[in-house]
Amino acid sequence: NLTPMTQVLNESGLVLAACHSLVVVDDETLGDPLESASLSAMRWNVTTTTHGPSRQTRERIVPMPSTEKRTGGQALMIDSLPVTKLEILTRHHFSSKLQRMSCVVNDVDNRRVFAVVKG
């Protein structure tokens, strides 16, 4: 049986939402089509946010809002706290030699940092 991506386990959802190579350029999300499809199926989206006096831009991953035809993305429950905004702090791109990639992400609302790895 297949599980819909909107019902993925919270920990798996955290890795899929936070550990990817997607970037936003000119308001368009670019990157691996499979990663984009996974995020979209979870009903989450990549946006950008600007920080500090240097105006540094970071990717922010958030649930999509509901529409008339589709429900929005759901918060991920990690340690009984809802995760609804993630910011990628550091991205270690996929290494074919190591067969993995990792990211360090900030859980904006709960002031937590996660290291997520896939591969």
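If you go through the range 67-119, how many residues are in a loop (DSSP other than H, G, I, E, B), farther than 18 Å from S12 by Cβ and either among the aromatic types (F, W, Y) or touching a residue at least 12 places away in the same chain (Cβ under 8 Å) (or both)?
9
When each of A37, A17 is tested for being closer than 14 Å to L89 by Cα and part of a helix (DSSP H, G or I), the lone residue that passes is A17. Checking every residue in the range 92-103 against the condition of being out of contact with any Asp or Glu (no Cβ under 8 Å at 6 or more places or on another chain), surrounded by 11 or more Cβ atoms within 10 Å (Cβ to Cβ), more than 16 Å from G119 (Cβ to Cβ) and not charged (D, E, K, R) gives zero matches. Residues of the range 19-32 being over 19 Å from Q99 (Cβ atoms) and either crowded, with 21+ Cβ neighbours inside 10 Å or not β-branched (V, I, T) (or both), which ones? The answer is L22, D26, D27, E28, L30. Look at (1) free of Cβ contacts under 8 Å to residues at least 40 places away in the same chain; (2) more than 12 Å from the chain's Cα centre (by Cα); (3) in a helix (DSSP H, G or I) and you find that S12 fails only one, number (2).
Confirm whether R60 is modelled with pLDDT under 95, of a type in the set (K, R) and within 14 Å of the chain's Cα centre (by Cα). Yes: the conditions hold for R60.
Return yes or no: is T47 among the polar types (S, T, N, Q), surrounded by fewer than 17 Cβ atoms within 10 Å (Cβ to Cβ) and more than 19 Å from V116 (Cβ to Cβ)? Considered against the rule, which asks whether it is among the polar types (S, T, N, Q), surrounded by fewer than 17 Cβ atoms within 10 Å (Cβ to Cβ) and more than 19 Å from V116 (Cβ to Cβ), T47 comes out as no.
Kindly indicate whether T47 is under 18 Å from G13 (Cβ atoms), among the hydroxyl-bearing types (S, T, Y) and free of Cβ contacts under 8 Å to residues at least 40 places away in the same chain. Steps first, answer last, please.
Values: under 18 Å from G13 (Cβ atoms): yes; among the hydroxyl-bearing types (S, T, Y): yes; free of Cβ contacts under 8 Å to residues at least 40 places away in the same chain: yes.
Criteria met by T47.
Taking the range 1-14 as the range and being surrounded by 11 or more Cβ atoms within 10 Å (Cβ to Cβ) and closer than 17 Å to M64 by Cα as the test, the residues that pass are M5, T6, V8, N10, G13, L14.
The values are calculated or read from the model by the stated rules, or taken from the named source; none is laboratory data. What you are looking at is a predicted structure, and each value in this text was computed from that prediction instead of being measured. Note that each Cβ is placed from the backbone with ideal geometry, even for glycine, and that neighbours are counted across all protein chains shown.
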